[in-house]
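The values are calculated or read from the model by the stated rules, or taken from the named source; none is laboratory data. Fair warning: this is a prediction, and the values are worked out from it, not measured in the lab. As a convention, Cβ positions derive from the backbone with ideal geometry for all residues, glycine included, and neighbour counts pool all protein chains shown. For accessibility, only protein heavy atoms count, side chains too; no ligands or nucleic acids. Shrake-Rupley method; radii C 1.70, N 1.55, O 1.52, S 1.80 Å.
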Amino acid sequence: MPNGEYNLYYLFNGSDLLFLGRSNPLLGEPSVVTEINGTFYILQRKQRVVPYKTVTMAVNGEAKNFTFTAKKTEMRVYRFDGCASLIWNCTILEFQNGTERTKCNRTEILSYFANTPQKSPSGVKGVIENGFIVFRLANLTYGILVTEFEEYVSGFFGNKTLNVLSTLHALPVSEGILIYYPGDVKVNDGSSASELPLLFFYDGKKLIHLKMHVGSVQEPPECGDRSNFSRRLTLPKSLVVLTGAILMFILVYWGIRRHV
């Protein structure tokens with residue numbers, strides 16, 4: 001699975017990928033995205049070790065300071081409908097003696113992230129015809145030259161490139177298609193090798209290789225104060241969730257048209 005045993009979640013706006021977080025279902029961690037009555041919700045979950053108390057003790061007649069730490073877990077839930085509205089937040093401090101201090105709004109929403117099964121729409125498999133990879137989706141047909149993919153794919157698969165291209169799938173998204181390899185590739189970021197999905201976006205004219213990474217959790221674009229991520233384009237209509245060895249895409253049609 002990508003990045004070991006973690007599921008990775010991204011928000012896609014037709015141009016960029018925004019890393020929303022990861023979870024390990026084998027450890028009982030909740031999903032990052034869930035759907036409730038047709039509306040999508042995003043869970044942001046961050047953990048870090050923080051100092052919470054410094055005490056001074058005498059050791060062999062000499063005063064020394066000792067700092068105690070705690071594990072701080074911050075959770076936020078956003079309602080997502082083209083932009084994100086914060087509806088719940090929670091902070092938990094776990095101390096070294098096993099006690100906890102919690103500051104949370106009461107809600108049952110977390111149970112949805114843990115118990116709601118994820119949906120995975122199946123993509124359409126491409127066919128290689130006369131030097132093109134052809135994807136036929138509903139009433140639209142997209143043909144892309146094989147050579148446009150080769151510069152990205154051959155570096156990972158070498159002489160197996162053609163076999164890999166014949167397995168590519170596509171899903172319709174706003175003003176184009178999302179093309180993915182239904183497996184993982186090993187990517188070396190200079191410090192370690194990770195297994196990540198291979199993903200492209202095609203708008204009918206240009207093929208874009210979407211670079212995947214596992215960085216720090218990024219906040220989704222909030223309503224009323226949208227980030228550069230959402231300012232670059234008017235928000236298109238797709239929320240993309242990548243999870244496990246299979247790419248799981250949740251498509252949200254935002255109904256916001258591109259401005260001139």
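Checked against (1) surrounded by fewer than 17 Cβ atoms within 10 Å (Cβ to Cβ); (2) under 16 Å from the mean Cα position of the chain (by Cα); (3) outside any loop (DSSP other than H, G, I, E, B); (4) not acidic (Asp, Glu), SER15 meets all criteria but (3). Would you be able to say whether some residue in the stretch 47-63 is open to solvent by 60 Å² or more (accessible area, probe 1.4 Å), within 18 Å of the chain's Cα centre (by Cα) and either charged (D, E, K, R) or within 26 Å of SER216 (Cβ to Cβ) (or both)? Yes.
All of GLY143, GLY190, GLY204, GLY176 fail the test of being at pLDDT below 75 and either exposed (fewer than 11 other Cβ atoms within 10 Å of the Cβ) or not charged (D, E, K, R) (or both), apart from GLY190. Residues in the stretch 64-84 that are hydrophobic (A, V, I, L, M, F, W, C) and under 30 Å from the mean Cα position of the chain (by Cα): ALA70, MET75, VAL77, PHE80, CYS83, ALA84. TRP88 meets the conditions (1) open to solvent by less than 20 Å² (accessible area, probe 1.4 Å); (2) touching a residue at least 40 places away in the same chain (Cβ under 8 Å); (3) not small (Gly, Ala, Ser) in every case but one. The failed one is (2). Looking across the stretch 64-78, the residues that are in contact (Cβ under 8 Å) with a residue 12 or more places away in the chain and either farther than 24 Å from ASN105 by Cβ or exposed (fewer than 11 other Cβ atoms within 10 Å of the Cβ) (or both) come down to PHE66, THR67, PHE68, THR69. Taken over the stretch 42-78, residues that are touching a Phe, Trp or Tyr at 6+ places or on another chain (Cβ under 8 Å), closer than 14 Å to LEU20 by Cα and basic (Lys, Arg) amount to 1.
Out of the residues in the stretch 127-140 that are open to solvent by 40 Å² or more (accessible area, probe 1.4 Å) and modelled with pLDDT under 90, which is farthest from the chain's Cα centre (by Cα)? Ranking the candidates gives ASN139 first.
Return a yes/no flag: does the stretch 96-105 have any residue that is open to solvent by less than 50 Å² (accessible area, probe 1.4 Å), modelled with pLDDT under 90, part of a strand (DSSP E or B) and more than 17 Å from PRO30 (Cβ to Cβ).
Step one: of the stretch 96-105, the residues open to solvent by less than 50 Å² (accessible area, probe 1.4 Å) are none.
No, the conditions are met nowhere in the stretch 96-105.
Number of residues in the stretch 24-39 that are open to solvent by 30 Å² or more (accessible area, probe 1.4 Å), under 28 Å from PHE200 (Cα atoms) and either assigned to a strand (DSSP E or B) or of a type in the set (A, V, I, L, M) (or both) equals 2. Just to be sure, is GLY21 on the phi > 0 side of the Ramachandran plot, within 24 Å of the chain's Cα centre (by Cα) and not in a strand (DSSP E or B)? In short, no.
For residues that are part of a loop (DSSP other than H, G, I, E, B) and open to solvent by 50 Å² or more (accessible area, probe 1.4 Å), scanning just the stretch 215-228, find the one that is modelled with the lowest pLDDT. Steps first, answer last, please.
Within the stretch 215-228, the subset part of a loop (DSSP other than H, G, I, E, B) is 215-221, 223-224, 226-227.
Checking which are open to solvent by 50 Å² or more (accessible area, probe 1.4 Å) leaves us with 216, 218-219, 223-224, 226.
Details: SER216: 73, GLN218: 78, GLU219: 81, CYS223: 86, GLY224: 74, ARG226: 49.
Step by step, filter the stretch 215-228, then rank; the result is ARG226.
Being open to solvent by 70 Å² or more (accessible area, probe 1.4 Å), assigned to a helix (DSSP H, G or I) and either at pLDDT below 85 or not polar (S, T, N, Q) (or both) narrows it down to one of GLU151, GLU108, so name that one.
Working: GLU108 fails: assigned to a helix (DSSP H, G or I).
Of GLU151, GLU108, the one residue that is open to solvent by 70 Å² or more (accessible area, probe 1.4 Å), assigned to a helix (DSSP H, G or I) and either at pLDDT below 85 or not polar (S, T, N, Q) (or both) is GLU151.
As a summary of the residue check, GLU5 satisfies the conditions (1) open to solvent by 60 Å² or more (accessible area, probe 1.4 Å); (2) within 16 Å of ILE92 (Cα to Cα); (3) of a type in the set (Asp, Glu) except for the one numbered (2).
Matching residues to (1) more than 30 Å from LEU171 (Cα to Cα); (2) of a type in the set (A, V, I, L, M); (3) touching a strand residue (DSSP E or B) at 6+ places or on another chain (Cβ under 6 Å); (4) assigned to a strand (DSSP E or B):
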{"position": "TYR52", "(1), (2), (3), (4)": "yes, no, yes, yes"}
{"position": "THR73", "(1), (2), (3), (4)": "yes, no, yes, yes"}
{"position": "VAL77", "(1), (2), (3), (4)": "no, yes, yes, yes"}
{"position": "GLY82", "(1), (2), (3), (4)": "no, no, no, no"}
{"position": "TRP88", "(1), (2), (3), (4)": "yes, no, yes, yes"}
{"position": "PHE113", "(1), (2), (3), (4)": "no, no, yes, no"}
